[in-house]
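Okay, structure first, notes after.
The values are calculated or read from the model by the stated rules, or taken from the named source; none is laboratory data. Just so it is clear, the model here is predicted, and its values are computed rather than measured. Here the Cβ positions follow ideal geometry from the backbone for every residue, glycine too, while neighbour counts run over all protein chains shown. The area values use the complete protein model at the heavy-atom level, side chains included, leaving out ligands, DNA and RNA. Shrake-Rupley method; radii C 1.70, N 1.55, O 1.52, S 1.80 Å.
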Amino acid sequence: MRRVLTERLRTGDRIGRDIIGGPDAPALLKAGVRVSDSYRQSLRRSKITSVWINDSLSDGIEPLEVLGEATKQRATVAMRDAIREVSRSLVEGQTLSEETVLEMRDVAELICSDVSANVTSALALNDLANADGYTMKHSLAVTALGLSIGLRVMRRYGWIDDLGYRRFDEIDQRLLLLGVGLLLHDIGKLAVPPEILQKAGPLTADEWVAMRAHPMLGARILQQADISPLSRVVVRSHHERWDGSGYPAAKRGAGIHQFARIASVADVFDALTSDRPYRRAMPAYEAYDFIVGRSGRDFDPEVVEVFRSAVAPHPPGTGVVLSDGRCGIVKAVRPESVKRPIVRIVVDSTGSSIAGDEIDLSQLPGIEIVSNDFDPWVSDTPTAQCRVIERRLAPRTDPRTHTETPQTPAGL
Ligand SMILES: [Fe+2]
C-alpha cells in the first residue's frame, strides 16, 4: 500500500483501506473499490486530502499501525460524547459527568495498551481516528503520540517526585493520568468562538488573547470534574515552552510539569502535520525537523531525544526520490535509524521502471532522501512512466510566519 494525495488519484486506482467519514458514518469508500470521478469528488467534498491505495508497486508494504480498529472506534465515540457534553456544560454551567470521566480513563487505558504493544516501532500518525472534526482527530493523535513518547521518556529518564527523587515505579498509573490529560488537552477550545478557531487569515491581537485563553478555560471546565491534578496540568500547561516563551504562565525548563513537556511536542507535531484552514499539512519529515531543531528552545531536550526515535519522518508507503536519482517507496522503518528507512526501488536513475529492489539506507551512508514527493505512474503497457514531482526537500521553513505571533507555531 502507499499513500497518495487525493488530487493525484487516478481513475481505476484501488483503495487500500476503508475511508471513514465520521464516528457513526458508514465508510465513504471501502478497501478494494476502484476510484471513479464521482468517488474523487466525494473525497474532495469530505476534505479527505490523502488516501491509501493498493498497487503492484507497493504490494506487501503496510502502513505502521499504532492503534487497533476497536480502540479507534471506541476512542472516537468517547471523544465525540465528551465534546458534546462539554459544549452543553458551557451553556448550563456544569462539568464533565462521572460517567464521561470514567470513559476517558478506559479509553486512555486502551490507547496505552496499544501503544505499549508497539513500543519497539516508530510511529506514523496514519488514520488514528475515525473522526471528521479536527479537535477529535487531533485529540486522539496527540494522545497516541504523547503516550508513545511518555512511555519511552519515563522508562529512560523516570519521573521526579515531590521530594525531588527520580523514580521509575508507578509508570503505568502515571501513563493513564497523562492519557486522560492528552485526550482533554484542547477541551478549552470549545469555549473559543469558532470564527476565531477556523479563521483562514492572521489573528488580530484580541483574537490571540481569546485563543490563548483556551488552556485556562479547559482547566476551569475540568475543575469540578473528578480528574487528577496530573491530568489537568496537561490541559493547563501544554502551551508552555522550555525557554519560557509559552503561555499561560511563561513557565520554563523543569518548572513545566513533565506531562506538559511531553504534550507540547505531541501537540505541535500533530498540528503541523494536519491540514488547517490557514495552511496545508506539513510533510512529516519537515515537522520532525522542526521539533528536533527546537530542542532546548521550545521543547525539553530529553523529550525531543525520545521523539527522534519514536516517530517516522518518512513512514512506510511514502514515495521518495534518492540522491542517486533512483525513486522508490518506503517499505519499513527501524526505530534505530528512522531517517534512513528501507526503500523499495521502483524507478532507476535513468527513469526506467525496475522490479522492486530493496535497499537499506542505514547501510548506504552516501545516499540521501532528497524528496518525499515521488508519485509513480505506471501504465498498463510494459513501459513504465514516472512522474517525479519537483519538490525537493526544502530547507526547514518556519511555520510561524503565516499567522503566528513570534513565540508560537501555527494554530497550536
Ligand atoms: Fe492547545
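When Gly296 is evaluated against the numbered criteria (1) more than 15 Å from the chain's Cα centre (by Cα); (2) open to solvent by less than 30 Å² (accessible area, probe 1.4 Å); (3) more than 16 Å from the ligand (Cβ to nearest atom), which criterion, by number, is the only one it fails?
Of everything listed in (1) more than 15 Å from the chain's Cα centre (by Cα); (2) open to solvent by less than 30 Å² (accessible area, probe 1.4 Å); (3) more than 16 Å from the ligand (Cβ to nearest atom), Gly296 misses just condition (2).
Given (1) touching a helix residue (DSSP H, G or I) at 6+ places or on another chain (Cβ under 7 Å); (2) part of a helix (DSSP H, G or I); (3) farther than 19 Å from Trp208 by Cα; (4) open to solvent by 10 Å² or more (accessible area, probe 1.4 Å), identify the lone condition not met by Val265.
With (1) touching a helix residue (DSSP H, G or I) at 6+ places or on another chain (Cβ under 7 Å); (2) part of a helix (DSSP H, G or I); (3) farther than 19 Å from Trp208 by Cα; (4) open to solvent by 10 Å² or more (accessible area, probe 1.4 Å) applied to Val265, the lone miss is (4).
Consider only pairs whose beta carbons are under 7 Å apart and that are at least six residues apart or on different chains; among these, list those whose first residue lies in region 217-242 and is more than 15 Å from Asp186 (Cβ to Cβ) and acidic (Asp, Glu) and whose second residue is away from the ligand (no atom under 16 Å from the Cβ) and open to solvent by 10 Å² or more (accessible area, probe 1.4 Å).
Close Cβ pairs satisfying both conditions: Asp226/Glu98.
Can you tell me how many residues within region 288-332 are farther than 20 Å from Val347 by Cβ and in a strand (DSSP E or B)?
Number of matching residues: 3.
Taking region 157-197, which residues are crowded, with 17+ Cβ neighbours inside 10 Å and outside any helix (DSSP H, G or I)?
Trp159, Leu184, His185, Asp186, Val192
Only residues that are closer than 23 Å to Gly146 by Cβ, touching a helix residue (DSSP H, G or I) at 6+ places or on another chain (Cβ under 8 Å) and modelled with pLDDT of 90 or more: list them for region 319-338, please. Talk me through it step by step, then tell me what you get.
Of region 319-338, the ones closer than 23 Å to Gly146 by Cβ are 333-336, 338.
From the residues that got through so far, the ones that are touching a helix residue (DSSP H, G or I) at 6+ places or on another chain (Cβ under 8 Å) too are 334-336, 338.
Result: Val338, single match.
Quickly run through region 200-209 and pick out the residues that are outside any helix (DSSP H, G or I) and either touching a helix residue (DSSP H, G or I) at 6+ places or on another chain (Cβ under 7 Å) or farther than 11 Å from Pro277 by Cβ (or both).
Pro202, Leu203, Thr204
Are any of the residues in region 198-217 surrounded by fewer than 20 Cβ atoms within 10 Å (Cβ to Cβ), at pLDDT 90 or above, polar (S, T, N, Q) and in the same structural domain as Thr95 (by TED's automatic domain parsing)?
yes
Within region 222-246, restricting attention to residues that are closer than 19 Å to Pro301 by Cα and within 14 Å of the ligand (Cβ to nearest atom), which residue is farthest from the chain's Cα centre (by Cα)?
Gly246
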